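The values are calculated or read from the model by the stated rules, or taken from the named source; none is laboratory data. Here the structure is a predicted model, which means the values were calculated and not measured. Counting neighbours? That spans all protein chains shown, and the Cβs are built from the backbone with ideal geometry, glycine included.
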Amino acid sequence: MNRQVIDGMIIAAVLALGATHLFAQSAASRRVLRPNQAGGTTGNAMHGMRGPNGGAAAAGRGFATDGQGNAAGGSGAMVQGPGGAQGARAGTWQRGSDGSGQHQSGGAASGARGTASMSGSTTKNANGWVNGSRTTTAEATSGATYSGQTTYATGSGVTHSGTCATAAGQVIDCPR
């Protein structure tokens, strides 16, 4: 399991545990910023709220630097609507002292009209070359589906492909 996946799982766990405390108060925030043993700074923040009709939201983020120009962090958020719709996302990032970096994120949502999920990643090397991709899928309660992928590469530009299908699996033109 790669480091970004582990970081995302940690963020989700922190949000789940922290949300209970935050929701008990209706709305709350917490921020911490302090020096770390690597000669850099570590910081984090959490925010949460509960609405009067049963909706709730929580978000958290954190980062650490090492004093040499390297940094890493992550964030996560969740929301639940009073009607039962819900969604969550988590992401991690790293930046090297040489200017390189990477980012990964994913999320999902579900509600009365269907479900959707997305994931993506981007990398940048020390020379500034960027490669990235994002995949999105959605399924309506009717059974109709969408699946798409967008990629970007320095020198090549953006490419996108997407497929829409009926509940019976018949591929159709995607609505614009």
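Hey, any hits in the range 146-166 for a residue that's among the hydrophobic types (A, V, I, L, M, F, W, C), within 22 Å of the chain's Cα centre (by Cα), at pLDDT 95 or above and surrounded by 15 or more Cβ atoms within 10 Å (Cβ to Cβ)? No, the range 146-166 contains no residue that is among the hydrophobic types (A, V, I, L, M, F, W, C), within 22 Å of the chain's Cα centre (by Cα), at pLDDT 95 or above and surrounded by 15 or more Cβ atoms within 10 Å (Cβ to Cβ).
From the list Ala64, Ala72, Ala90, the lone residue that is closer than 30 Å to Thr141 by Cβ, in a strand (DSSP E or B) and of a type in the set (Gly, Ala, Ser) is Ala90. The residues in the range 89-108 that are hydrophobic (A, V, I, L, M, F, W, C) and surrounded by fewer than 18 Cβ atoms within 10 Å (Cβ to Cβ) can be counted, and the count is 1.
So that you can scan it fast, the table gives a plain yes or no per residue for (1) touching a helix residue (DSSP H, G or I) at 6+ places or on another chain (Cβ under 9 Å); (2) of a type in the set (A, V, I, L, M):
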position: Asn44; (1), (2): yes, no
position: Val79; (1), (2): no, yes
position: Gly83; (1), (2): no, no
position: Gln86; (1), (2): no, no
position: Thr115; (1), (2): no, no
position: Ala126; (1), (2): no, yes
position: Glu139; (1), (2): no, no
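Restricting attention to the range 119-141, does a residue exist that is crowded, with 16+ Cβ neighbours inside 10 Å, aliphatic (A, V, I, L, M), assigned to a strand (DSSP E or B) and within 13 Å of the chain's Cα centre (by Cα)? No, the range 119-141 contains no residue that is crowded, with 16+ Cβ neighbours inside 10 Å, aliphatic (A, V, I, L, M), assigned to a strand (DSSP E or B) and within 13 Å of the chain's Cα centre (by Cα).
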